[in-house]
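Student: Sharing a structure with you now.
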Amino acid sequence: MTAVIHATSSRSLNSLSVDIARAIDHDASVDLWRRYQRGERDVFTRRLYTLKGQQTFDEIKRKYDREPEFRTAVDRYIGDFEKLLADVARTDPNRTVTQSYLTSDTGKVYTMLAHAAGRLG
């Protein structure tokens with residue numbers, strides 16, 4: 001994992017995607033996103049991640065805090081995913097499609113990156 005973290009930013013994010021998707025407990029992800037969408041804040045904690053996922057989260061957070069190029073790539077990913085969510089939300093009154101996106105592998109990557117970037121509390 002450490003070797004992956006030290007790869008170039010865009011390649012690093014691509015390589016991390018599979019690891020991140022495995023690092024998040026799916027049932028916890030579904031529960032936390034539902035609670036967050038109901039207005040609860042500060043629900044995203046380390047319990048969301050597997051033990052290995054907690055290490056991945058810590059590495060991403062350190063890299064995000066220290067490396068401007070990585071931070072830019074992460075911020076771009078977060079922005080693109082949030083734009084997608086906003087587009088979907090316009091035609092998703094029950095939030096079922098939005099929930100599906102958030103708990104998909106791509107959504108799990110977004111969750112960990114946004115959490116590490118301080119966007120989810």
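The values are calculated or read from the model by the stated rules, or taken from the named source; none is laboratory data. Treat the numbers as computed from the prediction; the structure is a model and nothing was measured. Every residue, glycine among them, receives a Cβ derived from its backbone with ideal geometry; neighbour counts consider all protein chains shown. What goes into the accessible areas is simple: the full protein's heavy atoms, side chains included, and nothing from ligands, DNA or RNA. Shrake-Rupley method; radii C 1.70, N 1.55, O 1.52, S 1.80 Å.
Student: Look at the range 87-108 and say how many of its residues are surrounded by 13 or more Cβ atoms within 10 Å (Cβ to Cβ), more than 15 Å from residue 32 (Cα to Cα) and among the β-branched types (Val, Ile, Thr).
Tutor: Summing the residues that are surrounded by 13 or more Cβ atoms within 10 Å (Cβ to Cβ), more than 15 Å from residue 32 (Cα to Cα) and among the β-branched types (Val, Ile, Thr) in the range 87-108 gives 3.
Student: Going through 84, 32 one at a time, which residue ends up being assigned to a helix (DSSP H, G or I), open to solvent by less than 50 Å² (accessible area, probe 1.4 Å) and among the aliphatic types (A, V, I, L, M)? Write out each step before concluding.
Tutor: Details: 84 fails: open to solvent by less than 50 Å² (accessible area, probe 1.4 Å).
Step by step, each of 84, 32 is checked, and only 32 is assigned to a helix (DSSP H, G or I), open to solvent by less than 50 Å² (accessible area, probe 1.4 Å) and among the aliphatic types (A, V, I, L, M).
Student: Follow-up. Tell me which residues, restricted to the range 15-63, are modelled with pLDDT under 85 and among the small types (Gly, Ala, Ser).
Tutor: Those that are modelled with pLDDT under 85 and among the small types (Gly, Ala, Ser): 15, 17, 21.
Student: Being exposed (fewer than 13 other Cβ atoms within 10 Å of the Cβ), in contact with a helix residue (DSSP H, G or I) (Cβ under 9 Å, 6 or more places away or on another chain) and of a type outside the set (Gly, Ala, Ser): is that true of residue 18 here?
Tutor: Spelling it out, residue 18 is indeed exposed (fewer than 13 other Cβ atoms within 10 Å of the Cβ), in contact with a helix residue (DSSP H, G or I) (Cβ under 9 Å, 6 or more places away or on another chain) and of a type outside the set (Gly, Ala, Ser).
Student: Shifting gears a bit: Kindly provide the set of residues from the range 37-57 that are part of a loop (DSSP other than H, G, I, E, B), open to solvent by less than 100 Å² (accessible area, probe 1.4 Å) and not hydroxyl-bearing (Ser, Thr, Tyr), ordered by number.
Tutor: Pass one, the range 37-57, residues part of a loop (DSSP other than H, G, I, E, B): 38-45, 50.
Those left that are additionally open to solvent by less than 100 Å² (accessible area, probe 1.4 Å): 39-40, 43-45, 50.
The answer is 39, 40, 43, 44.
Student: Restricting the range 58-69 to residues that are among the basic types (Lys, Arg) and surrounded by fewer than 19 Cβ atoms within 10 Å (Cβ to Cβ), which is farthest from residue 114 (Cα to Cα)? Working first, answer last.
Tutor: Filtering the range 58-69 down to residues among the basic types (Lys, Arg) leaves 61-63, 66.
Now restrict to residues that are surrounded by fewer than 19 Cβ atoms within 10 Å (Cβ to Cβ): 61-62, 66.
Details: 61: 10, 62: 13, 66: 16 Å.
Filtering the range 58-69 for residues that are among the basic types (Lys, Arg) and surrounded by fewer than 19 Cβ atoms within 10 Å (Cβ to Cβ), the one farthest from residue 114 (Cα to Cα) comes out as 66.
Student: What's the total number of residues in the range 103-121 that are closer than 12 Å to residue 24 by Cα and assigned to a loop (DSSP other than H, G, I, E, B)?
Tutor: Looking only at that region, the number is 1.
Student: Evaluate the range 60-71: report whether one residue or more is within 17 Å of residue 16 (Cα to Cα), among the hydroxyl-bearing types (Ser, Thr, Tyr) and not in a helix (DSSP H, G or I).
Tutor: No, the range 60-71 contains no residue that is within 17 Å of residue 16 (Cα to Cα), among the hydroxyl-bearing types (Ser, Thr, Tyr) and not in a helix (DSSP H, G or I).
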